[in-house]
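Report on the structure given below.
Bear in mind that the values in this text are calculations on the coordinates, not laboratory data. As the structure is a computational prediction, the values presented were derived from the model and not from experiment. We place every Cβ from the backbone using ideal geometry, glycine too, and count neighbours over all the protein chains shown.
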Amino acid sequence: MLGLKLPTDPRWVNLTEKSIEEVLTDHAYCEQKATSTCIALIQAYPDKQYLVEQLTPVVNEEWVHFRMVLKELEKRSLKLGFQRKDEYVNQLQQFVTKGGKFEDRFLDRLLMAALIEARSCERFRLLSEGISDMELREFYRKLMVAEAHHYTMFIDIAKTYIDTEKVKARWQEWLHREAEIMQSLELRGDRVH
């Protein structure tokens, strides 16, 4: 369904179980960044009504997810740590079109957001199936469903404003680049990505 070219190494779930506080902290900041991304897209493209209509409820949904992660930390008597550099996202940003046509830059912003949501969805599925904490399994199953919707929503927004074939072609380029990035990154259990 997601089309990711490189699945997450199954050992990631085992590593995550050893770093619950760190991965929940990272997850909280991922939800916060997802909220900010939706707000930034609305601010950058207020003339694109369909985009505004689709992203406005997601702003609230992502913020609710942030609060849900905070509650998971609190239930376990853990604290929200400091935000850390996200090497995965930083490398994805290097693939975004700089300069050139407005349409190309717009498309890349949407596809990057879709890709981050797709990888999150895949990781949440792994946690929902493999983590030993049954409460966290259920928690991540619910979030997996939401992330799947977000991933497809960003692609749908792109297809609303840009030729479908162009969107599909560029999406494949993003998927291949993301696989290269995933191969280059150290496998860590203290990060969502």
Has segment 123-142 got at least one residue that is of a type in the set (Ser, Thr, Tyr) and without any contact (Cβ under 8 Å) to a residue 40 or more places away in the chain? yes
Kindly indicate whether residue 117 is free of Cβ contacts under 8 Å to residues at least 12 places away in the same chain and of a type in the set (Asp, Glu). no
Determine if segment 111-122 includes at least one residue that is more than 10 Å from the chain's Cα centre (by Cα) and assigned to a helix (DSSP H, G or I). yes
Residue check for residue 84: over 28 Å from residue 184 (Cα atoms), of a type in the set (Lys, Arg) and in contact (Cβ under 8 Å) with a residue 12 or more places away in the chain: no
Give segment 49-83 a look and list any residue that's of a type in the set (D, E, K, R) and more than 16 Å from the chain's Cα centre (by Cα), or say none. 53, 67, 71, 72, 74, 75, 76, 79
Flagged pairs (Cβ under 9 angstrom, 6 or more apart or on separate chains; first in segment 28-42, in contact (Cβ under 8 Å) with a residue 60 or more places away in the chain and at negative phi; second assigned to a helix (DSSP H, G or I) and of a type in the set (Lys, Arg)) are 37/109; 41/109
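It is to be established whether one or more residues within segment 93-104 are of a type in the set (Phe, Trp, Tyr) and in a loop (DSSP other than H, G, I, E, B).
Yes - at least one qualifying residue is present in segment 93-104.
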Considering only residues that are of a type in the set (S, T, N, Q) and surrounded by 14 or more Cβ atoms within 10 Å (Cβ to Cβ), look in segment 91-145 and name the one that is farthest from residue 167 (Cα to Cα). 128
Could you please let me know if residue 76 is over 24 Å from residue 181 (Cα atoms) and not hydrophobic (A, V, I, L, M, F, W, C)? yes
Of the numbered conditions (1) among the hydroxyl-bearing types (Ser, Thr, Tyr); (2) in a loop (DSSP other than H, G, I, E, B); (3) surrounded by 14 or more Cβ atoms within 10 Å (Cβ to Cβ), residue 152 fails exactly one; give the number of that condition. (2)
Hey, can you tell me all the residues within segment 71-87 that are surrounded by fewer than 18 Cβ atoms within 10 Å (Cβ to Cβ) and not small (Gly, Ala, Ser)? 71, 74, 75, 76, 78, 79, 80, 82, 83, 84, 85, 87
